[in-house]
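The values are calculated or read from the model by the stated rules, or taken from the named source; none is laboratory data. Everything quoted here is computed from the prediction, not taken from an experiment. Ideal geometry is used to build each Cβ from the backbone, glycine not excepted, and the neighbour counts take in all protein chains shown. Ligands, DNA and RNA are stripped out before the accessible areas are found, and what is left, the full protein with its side chains, is counted by its heavy atoms. Shrake-Rupley method; radii C 1.70, N 1.55, O 1.52, S 1.80 Å.
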Amino acid sequence: MKNSYNNTGTGSGADNVRGGESSGKGGAVSQKKESILELQKLINSSVRVKCLGGREMRGILRGFDELVNLVIDDCEEFLRDKNDLTQITDKSRKLGLVVVRGTQVTLVSPEEGTEEIANPFLGEADA
Amino acid sequence: MSNRILPLELIDKAIGSKIWILMRGQTEIVGTLRGFDDYVNLVLDDAVEYSPDPRNNNEIVKTELQSEILLNGNHVAVLVPGGTGPPEDSMAASSS
């Protein structure tokens, strides 16, 4: 009699407590390396990365892992306005070869197929 | 065919050399990387912390943390191996 909350009944050891559904996979969190984001396609191309906290960067994707940690080459970071950190200025600084932590990534998008347009918000007066 | 670089391997190669860390907010740290773990908590030696002065937006406070430090990986956003730190007056907030 195993002291397991889930009792999937397959009689495996105590380390299967996590497997709630008896899917046969053993309830592992990531068995295969499946990701909804196919970063392999973007390798060696230019990408835009946004982070939690507002940092924005651009560079060439050289590597990644399943946790979306990224290796970006020739990375440059876009600088934000000191007084309003939500505003991106047109200034940037070069960082070089960097690692971006997957826990902080909010967006990875290819530069290919995007174009910069004139700022549509410039006509508005400050509130 | 694609020789892709694993991020944690790149950090591993940086052990022993200088590394520049950008945190989630406006803080940056430069130090010699002694080691790290799965959560990218970092052990840094001779670390220097750069953060904006809360009283004065244009100043950067530079603090030399003189012993070995354990930096919690929770807010580590970007790691620059071999990085020397923010160039003069170019931390994320630029002077407009």
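Do you know which residues of region A:83-127 lose at least 50 square angstrom of accessible area in the protein assembly compared with their chain on its own, with a 1.4 angstrom probe?
A:93, A:95, A:97, A:99, A:101, A:104
In a shell of Cβ-Cβ distance under 11 Å around residue B:49, excluding residue B:49 itself, what net charge do Lys and Arg (+1) and Asp and Glu (-1) give? List each step's numbers first, then the result.
On the way: positive: B:62; negative: B:28, B:64.
Spelling it out: positives minus negatives among the neighbours equals -1.
For a quick protection proxy, order the peptides A:114-122, A:73-81 by their average other-Cβ count within 10 Å, most packed first.
On the way: A:114-122: 6.6, A:73-81: 19.3.
Highest mean packing first, the order is A:73-81, A:114-122.
Need one number: the % of Cα-Cα pairs in chain B sitting beyond the 20 Å mark. Present the calculation step by step, with values, prior to reporting the outcome.
Values: 1643 of 4560 pairs.
Beyond 20 Å sits 36 percent of the P(r) for chain B.
With only alpha-carbon atoms in the gyration tensor, what are the semi-axes of the equivalent ellipsoid for region A:88-127, in Å, largest first? Intermediate values should be presented prior to the final figure.
Details: eigenvalues 147, 44, 35 Å².
Output for region A:88-127: semi-axes of 27, 15, 13 Å.
Where does chain B land at 222 nm, in deg cm²/dmol rounded to the nearest 500, when only DSSP H runs of n ≥ 4 count, each adding -39500 (n - 2.57), divided by all residues?
Numbers: 1 runs with 7 residues, N = 96.
For chain B, the value works out to -2000 deg cm²/dmol.
Using a Förster distance of 35 Å, how high is the FRET efficiency between residue A:74 and residue B:63, based on the Cβ-Cβ distance and rounded to 0.05?
Numbers: r = 30 Å, r/R0 = 0.86.
E(calc), rounded to 0.05, equals 0.70.
Beyond 20 Å between alpha-carbons counts as too far, so tell me which of A:50/B:13; B:13/B:62; A:41/A:91; A:91/B:13; A:41/B:13; A:94/B:18 fall in that bin.
Numbers: A:50/B:13 25 Å; B:13/B:62 27 Å; A:41/A:91 29 Å; A:91/B:13 31 Å; A:41/B:13 25 Å; A:94/B:18 17 Å.
Going by Cα-Cα distance, A:50/B:13; B:13/B:62; A:41/A:91; A:91/B:13; A:41/B:13 fall outside the 20 Å limit.
Just tell me how shielded B:72-79 is by partners: mean number of partner chain Cβ atoms within 10 Å of each residue's Cβ, no decimals. Kindly include the intermediate steps, with their values, before the conclusion.
Working: counts 0, 2, 3, 5, 5, 13, 14, 6.
Average per residue, whole number: 6.
How big is region A:59-127 on each of its three principal axes, counting only the C-alpha atoms and giving the largest first in Å?
Sorted from largest, the Cα extents of region A:59-127 read 44, 29, 21 Å.
Identify which of B:55, B:34, B:24 has the largest mean-square fluctuation in a Gaussian network model of chain B, with springs joining Cα atoms closer than 10 Å.
Between B:55, B:34, B:24, it is B:55 that shows the largest mean-square fluctuation.
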